[in-house]
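Data block below; observations after.
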Amino acid sequence: MKIAVSTDERTLLVETLLHELKNRDHNITYFGPEKSESVDWPIVTEKAATLVANGTVDEGIVMCWTGTGASIVANKLGGIRAALCRDAETAKGARTWNHANVLAISLQATDDTTLKEILDAWFSTPYSGDGWNLKQISHIKSLEQKRSSNAEK
């Protein structure tokens with residue numbers, strides 16, 4: 001799977017994430033610092049989420065100190081359903097009911113073990129295909145279309 005990853009800081013958690021993704025045979029496009037310097041989280045998050053939105057990659061993982069800012073930025077792009085997940089159950093629910101295609105993670109609140117549990121849940125949980133859930137996703141898509149139409153005016 002092709003995955004865009006972004007972070008504003010290069011922490012040990014980022015190293016763990018990149019290692020885990022490589023071990024799971026994912027193709028990674030990385031946006032963020034290579035060493036200890038930091039970069040602006042809105043800029044790198046936008047780059048990663050844009051690749052998801054335009055179909056260049058399959059999914060994204062975006063990170064910042066709390067994960068909140070990265071999830072907000074990602075959700076500004078049409079077609080993105082970013083979910084801030086602090087545990088495996090939230091990741092599972094985000095995939096099942098929200099068809100989340102971008103995972104947001106807190107650099108500060110996530111340890112290596114929890115990260116691996118989140119990734120296990122994220123990658124093993126399919127989107128729900130039941131009628132009720134598809135109706136919810138359709139409604140989200142209609143809101144995106146309204147937002148896009150309003151922006152053009």
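The values are calculated or read from the model by the stated rules, or taken from the named source; none is laboratory data. These figures come from a predicted structure and were not determined experimentally. A quick note on method: Cβ atoms are made from the backbone with ideal geometry, for glycine too, and the neighbour counts reach across all protein chains shown. Note: areas computed on protein heavy atoms with side chains; ligands, DNA, RNA excluded. Shrake-Rupley method; radii C 1.70, N 1.55, O 1.52, S 1.80 Å.
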Value at 222 nm in deg cm²/dmol, rounded to 500, when DSSP H runs of n ≥ 4 in the chain each add -39,500 (n - 2.57): -16000 deg cm²/dmol
What is the angle, in °, between the Cα long axis of helix 131-152 and the longest principal axis of the Cα atoms in the chain? Nearest 10 is fine, range 0 to 90. 90 degrees
Residues whose placed amide H lies under 5 Å from that of Ala104, excluding near-sequence neighbours: Val62, Ala83, Leu84, Cys85
Between the modelled labels at Lys22 and Ala109 (7 Å from Cα along Cα→Cβ) the distance in nm is 2.9 nm
Above 20 Å lies some portion of the pair distances; for the range 51-153, what is it as a whole percent of all C-alpha pairs? 41 percent
Taking r as the C-beta separation of Glu15 and Gln136 and R0 as 30 Å, the FRET efficiency to the nearest 0.05 is 0.25
So the carbon and sulfur contribution to the accessible area of the chain, 1.4 Å probe, in percent, is 51 percent
Could you state the accessible area per residue of the chain in Å², with a 1.4 Å probe and every protein chain left in place? 53 Å²
Could you compute how much accessible surface Trp65 exposes when probed at 1.4 Å, giving the result in Å² to the nearest 10? 130 Å²
Under 5 Å between amide hydrogens, which residues at least 5 positions from Gly67 or on another chain qualify, with H placed 1.01 Å from N in the peptide plane? Leu107
Positive minus negative residues near Ile140 (Lys, Arg vs Asp, Glu; Cβ under 13 Å): +4
Dipole magnitude of the range 85-153 about its Cα centre (Cβ charges: Lys, Arg +1; Asp, Glu -1), debye to nearest 20: 480 debye
Please state the shape class of the range 1-52: rounded when a/c is under 1.5, otherwise prolate if a/b exceeds b/c and oblate if not, all from the C-alpha gyration tensor. oblate
Tilt, helix 12-23 to longest principal axis of the chain (alpha-carbon atoms), in degrees rounded to tens, equals 70 degrees
Expressed in angstrom and rounded, the centroid-to-centroid distance over alpha carbons for the range 20-37 and the range 51-94 is 16 Å
C-alpha long axis of helix 88-98 to longest principal axis of the chain, angle in °: 30 degrees
Set Lys35/Lys92; Lys2/Lys146; Lys22/Lys47; Lys47/Lys141, cut-off 26 Å on Cα-Cα distance; pairs above it are Lys35/Lys92; Lys2/Lys146
Compute the Cα gyration tensor for the range 93-153, then decide on rounded, prolate or oblate, letting a ≥ b ≥ c be the square roots of its eigenvalues: rounded whenever a/c is under 1.5, prolate when a/b is larger than b/c in the other cases, and oblate in all that remain. oblate
